[in-house]
Every structure is written in structure tokens, then in C-alpha cells.
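Working notes for the structure below.
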Amino acid sequence: MSEPLETPPPHAAAPSRPSAVSRQIGAAVLAGYRAFGRVATPGLGLLFRRRATRGKEDGSRRGERFGHASAARPSGGLVWLHAASVGEMNAADALIDSLRGMDVNVLLTTGTVTSARIAAARVRPGVTHQFVPYDTPPNLDRFLAHWRPDLAVTMESEIWPATIAALDARGIPLAIVSATMSERTARGWAKARGFAWQVFSRLDLCLAQTQEDAERLSALGAPRVAVAGNLKYDSGSLTADPAALAELQDLIGERPTWLAASTHEGEETLVGEVHRTASLAVPGLLTLLVPRHPERGDGIARELRAAGLSVAQRSRGETIAPDTDVYLADTIGEMGLFYRLAPVAFIGKSLVPEGGQNPLEAARLDTAILTGPHVFNLEDIYTPLLSAKGAEVVRDAQSLGAAVVAHLNDEALREKRARRAAEVSEAGAGALAATLRHLTALLNARGRQ
């Protein structure tokens, strides 16, 4: 990929400012937001408990959500990198490794239990994981007083007003990388232009995925915007335990196999329907099912068994038998294993109106890709992928079943689809180098202060 163009360059003139009255109103709104956060902080304990009972929080690490560190700050330079969930964390992996190669420590924060479990399984020297604190001044004051980062970096679309204000007040530069700003979200911010200005004008750098993202961010008040591309293209291939891979390959044998990956609530029912119909045309069919949230595994297993399917549940140590219909992989951090086992995969969160999941992980592992129509969160990836016929859109259980059968019965179709997806993935690379160049400049400027 050619060097990404910068639009506008980081040294470009600042965007037009709102009126003085609008800015004053925006400042008052931001002050009110922060004041409300101070008052509301004690009530966040109740919110945490409710979320913990639903598996949405880790009770053993409660303090981290309120800014109480559970680890010591390492000596030397420290970059705080925040990734909301698993997808953003995976996209940040190569960036984290590159920062470590510069002898910079990394504080990685995420907000979901699943991402925390995966981070715990990826122990790396110089990388510390914490849950991100709630966006209120008391939590942030404790957090920043302990960690004292030299640079803060957030992934994609994480805009937290109190966090941005707290970093600005301490003179800690903040960059958003792989930054996205949808037209709908930009319209929402534009309705409170003075408030948007107070938030976005405090950002030190926005490295946008596309020119459209850059223009929207600049219009909202971000003073230094560059187009650097999408870090998801620069992520390496997902890894897999060789022993686990060999064991499952032996159990599967010659059975035709397909994968339903990162499914969300409502999609597993459709996967069960697909298995019943597709198995009539493909004898011996095995369905691999990997839900996005593994804690839903027991409920999914009950539902599929009630529909008459034989289910083996990986989290319970159940293995694939000759009569297993669905192998339910309700475990953490094993997606690379299952992409290697299936020649064709449906990427979930797309048959329900949730916005889709990253298909590039499958593309890098020679997997033919099927997706539902609801991929609005990943249009920048799916647009070139679909244009190159590197993926096929399905709209319901019937069309998904037909596509699974077609790909399993046609090796040439499978290989062509997978090859074109891999080509799109390779062509999009380049964001990492551009991102590192800009972040290095910010770190060097911080060091000269």
C-alpha cells in the first residue's frame, strides 16, 4: 500500500470556531458533565454490582473501575492505550508490540470482561492491563495520579469528555488512532457544537481511518487530523495452540465443517436452522459455533439441544463425537484455532442489526467469508471486500444455508473467495507505520518539555 495521504496535515490551520456564546455554553455543559460525574460517582457502585451479577463486570477487580490501581507503575516512559473491547484490542496488538520495541511501557485498558480475560492470556513484558476507570473526575484523578502516562492513546471512537478534560488539565497529550466518526454520530455532536468544540479541540491528534472520518473530526473541532488508515489491516494472524489444533483435526477427520464466528443473541437460533437444512445436502456436516460472549454458552447449548441437535460444549470438556451436530466453542481467545479448522465461516453480529465483526481475521487465515447485511460499523472494510467478491452477503437462515452448502461442495469457489479476501487484507496494510510516525513525534515533543 502506498504511503497514506494526510488530510488535512497535522500542521493545518484550526477549523472554524463556534461563536463565543456557543463556546461559553459548551464550557458550561462540560463543567456540568464533570460536576454530575462527581455527584454520581458513589452511585456507580450500585451500577457495578448490577453489571457484575450479569457477568458484565469482574467483581474481583472492582477497584480498577474506580481508579484504584492493582499494579505498580513501571519505571520509565509509559503510554496509556485504551481499547474498548476485544476487536479494538486485537487491532492494537501490533501497535503495542511496536511501542514495546521502542522500549516504552504500555498500560492497556479495556472495558469488558472478555477482553480482560484475553489480555490476561497474552502476558507480555512491559504491558500492564487494567480495567478502564469510569468517566468521572474522582476515578480519573486517582487513575492518572498513579499511572502518570507520558501519552494517552485511544482506539477508534472512544470519546469520553471527563477523561479528555482530565488529560488536558495535566498536559498529557491524547491521540485517537484508527479514528472513526460516522455521519450519524457527527450529526449528533453538531447539535451541541459548543460542547463538541470543548471536547474535540482538546485532542492533540486524530489519526483517521478515512478522509470522510478526518473531515468530520476536523469539523467538530479536532485541531490536528491526519488520515493514517485502519490498524485492523495491520494486525497479525490470530494464533492457535498447535496441540489443540492437531487434536481437533483428528476428531473432525474428513467431516465437512463450517464455522459460525462471533455470533450474537438471535443468530445461534439461525445457525441451528442452517445446520438442520444444510446437513441434508452435506452428509456428516459439523457446525463449529463460537459465540462472541462465551458466558452465554450454557443458554445456547440448552436452546440447540431443545431443537433436537447434538451439542458438544468445549467449556465443559465435551469432545466432538461422530454424531455431534454442533461443537460449541464457548471459550476465550481461541478464534484463531477455529478459523484454521473451517474452510468457510459466517461472521456474526451481522444477521442482527448490530453492525458486524471484523472479517479480516478470517481473511488472513484463508477462510471463505459469509456475512449478514448489517455491517455498518465496518463499511470501510466490507466495501472493498464485497467489491472484490471476497465475501458473500446472506440475509437469513435459508440463504446462509445455501451459501454454506455451495462453498462446501465447490472447492474452487471456496479458494477463490478466500484468495480475494486475503488480497484485500494485504492491500489495506500501512496504517501501523503512519501511526507510529505520528505517535513518536508526540512522545518526542513530550520529552522535550
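The values are calculated or read from the model by the stated rules, or taken from the named source; none is laboratory data. Keep in mind it's a predicted model, so treat the numbers as computed, not measured. So basically every Cβ, Gly included, is an ideal-geometry build from the backbone, and we count neighbours across all protein chains shown. Heads up: the accessible areas ignore ligands, DNA and RNA and are worked out on the full protein's heavy atoms, side chains in. Shrake-Rupley method; radii C 1.70, N 1.55, O 1.52, S 1.80 Å.
Laid out as a table, the results:
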item: Angle in degrees between helix 267-281 and the longest Cα principal axis of the chain, rounded to the nearest 10; result: 30 degrees
item: Gain on full stretching of the segment that runs from Val123 to Gln398 - 0.36 nm per residue minus C-alpha separation; result: 94.7 nm
item: Cα-based helix-to-principal-axis angle, 86-101 vs the chain, degrees rounded to 10; result: 60 degrees
item: Residues Gln249 and Lys191, FRET efficiency given R0 of 51 Å [Cβ-Cβ distance, rounded to 0.05]; result: 0.40
item: Which of Leu251, Leu280 is most accessible, then next, and so on - probe 1.4 Å; result: Leu280, Leu251
item: Net lengthening on full extension, Leu46/Ser70 (0.36 nm per residue, minus Cα-Cα); result: 6.5 nm
item: Residue list for the range 232-271, given a label point 7 angstrom along the Cα-to-Cβ vector of Ser310 and an amide N cut-off under 18 Å; result: 248-258
item: Accessible heavy-atom area order of Glu392, Glu267, Glu158, highest first, probe of 1.4 Å; result: Glu392, Glu158, Glu267
item: Cα-based convex hull volume of the range 243-358 per residue, rounded to whole Å³; result: 98 Å³
item: Apportionment of accessible area to carbon and sulfur, the chain, percent (1.4 Å); result: 52 percent
item: Surface accessible to a 1.4 Å probe, Arg193 within the full protein complex, Å²; result: 100 Å²
item: Mean residue ellipticity (222 nm) of the chain, computed from DSSP H runs ≥ 4 via -39,500 (n - 2.57), nearest 500; result: -14000 deg cm²/dmol
item: Where the chain is the region considered: accessible area per residue in Å², 1.4 Å probe; result: 43 Å²
item: Candidate lysines - alpha carbon under 19 Å from Lys416, same-chain residues fewer than 8 apart omitted; result: Lys389
item: The chain: relative contact order as a whole-number percent, Cα under 8 Å and 6+ apart; result: 16 percent
item: Inter-label distance, nm, simple model (7 Å from Cα along the C-beta direction), Gln211/Phe36; result: 3.8 nm
item: Heavy-atom accessible area order for Lys232, Lys389, Lys56, largest first, 1.4 Å probe; result: Lys389, Lys56, Lys232
item: Three-way shape label, the range 52-146, alpha-carbon gyration tensor, a/c 1.5; result: oblate
item: Gyration tensor (alpha-carbon) shape descriptor, the range 340-449, a/c threshold 1.5; result: prolate
item: Estimated inter-spin distance, Thr319 and Met102, nm [label 7 Å along Cα→Cβ]; result: 4.8 nm
